[in-house]
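The values are calculated or read from the model by the stated rules, or taken from the named source; none is laboratory data. Since the structure is predicted, the reported quantities are computational estimates derived from the model, not experimental observations. Note: ideal-geometry Cβ built from the backbone for every residue, glycine included; neighbour counts use all protein chains shown.
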Amino acid sequence: MASKILTSTLFRDDARLQMTAIDHRYHVTVGDQGVHVRRIQFFLYGVGALQVMYAEDVASGEDPEMTASLFNAEAEVMEYGTATAKAVLIYKQMNKIIGYGYQTSADNIVGVLTIRHMDKIARTGTSKSTEERKTITASATNALKPAVMAGMTVGSRVIGRS
């Protein structure tokens, strides 16, 4: 690959996600496994999609602890499962990521538009304020908290640190 489409620290060195950014054949979907999935999961955690998912579960009467536990299990084995797909759908709905030429609503797939949007947010850090990130990190109970506390970043700042 001559030049990298994705330039954020989180995504730029992942060849699979670079392919996702340019080729529809490389969409990330339920059943995928690998480090590229872990990067997406970490991103979703960092931008607060899991907190929105939790709140939506509470509002709809679903068990939010079960969803959080399922996401944690998926993150542990780097699997794009149903909880990760639900978090992606929420992220896409929050950010109105829809391929209007072929869609009428958001889906749960990480494709060209989605990964490029995620990369932009990971690069610029404009999705959440520093205080919101601190709150997210402080309340984290999932498998990604060690990575956050170790200093992985989403955007230009280290999550959980000033």
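Number of residues in the range 39-86 that are in a loop (DSSP other than H, G, I, E, B), in contact (Cβ under 8 Å) with a residue 24 or more places away in the chain and of a type in the set (Gly, Ala, Ser): the value is 2. Within the range 1-38, can you find the residues that are assigned to a helix (DSSP H, G or I) and either in contact (Cβ under 8 Å) with a residue 40 or more places away in the chain or in contact with a helix residue (DSSP H, G or I) (Cβ under 7 Å, 6 or more places away or on another chain) (or both)? Passing the criteria: ARG16, LEU17, MET19, THR20, HIS24, TYR26, VAL35, HIS36, VAL37, ARG38. THR84 satisfies every condition listed in (1) modelled with pLDDT of 95 or more; (2) touching a Ser or Thr at 6+ places or on another chain (Cβ under 8 Å) except (2).
Every test in (1) more than 12 Å from LYS86 (Cα to Cα); (2) exposed (fewer than 15 other Cβ atoms within 10 Å of the Cβ) is passed by THR29 save one, and that test is (1).
Please go through the range 50-61 and pick out each residue that is out of contact with any Leu (no Cβ under 8 Å at 6 or more places or on another chain) and under 16 Å from THR84 (Cβ atoms). Listed by number, the residues that qualify are GLN51, VAL52, MET53, TYR54, GLU56, ASP57. For the range 44-67, state whether one or more residues are crowded, with 19+ Cβ neighbours inside 10 Å and modelled with pLDDT of 95 or more. Yes, because at least one residue in the range 44-67 is crowded, with 19+ Cβ neighbours inside 10 Å and modelled with pLDDT of 95 or more. When you check TYR100 against the structure, is it part of a loop (DSSP other than H, G, I, E, B) and aromatic (Phe, Trp, Tyr), yes or no? In short, yes. Scanning the range 114-132 for residues being of a type in the set (A, V, I, L, M) and modelled with pLDDT of 95 or more gives a total of 2.
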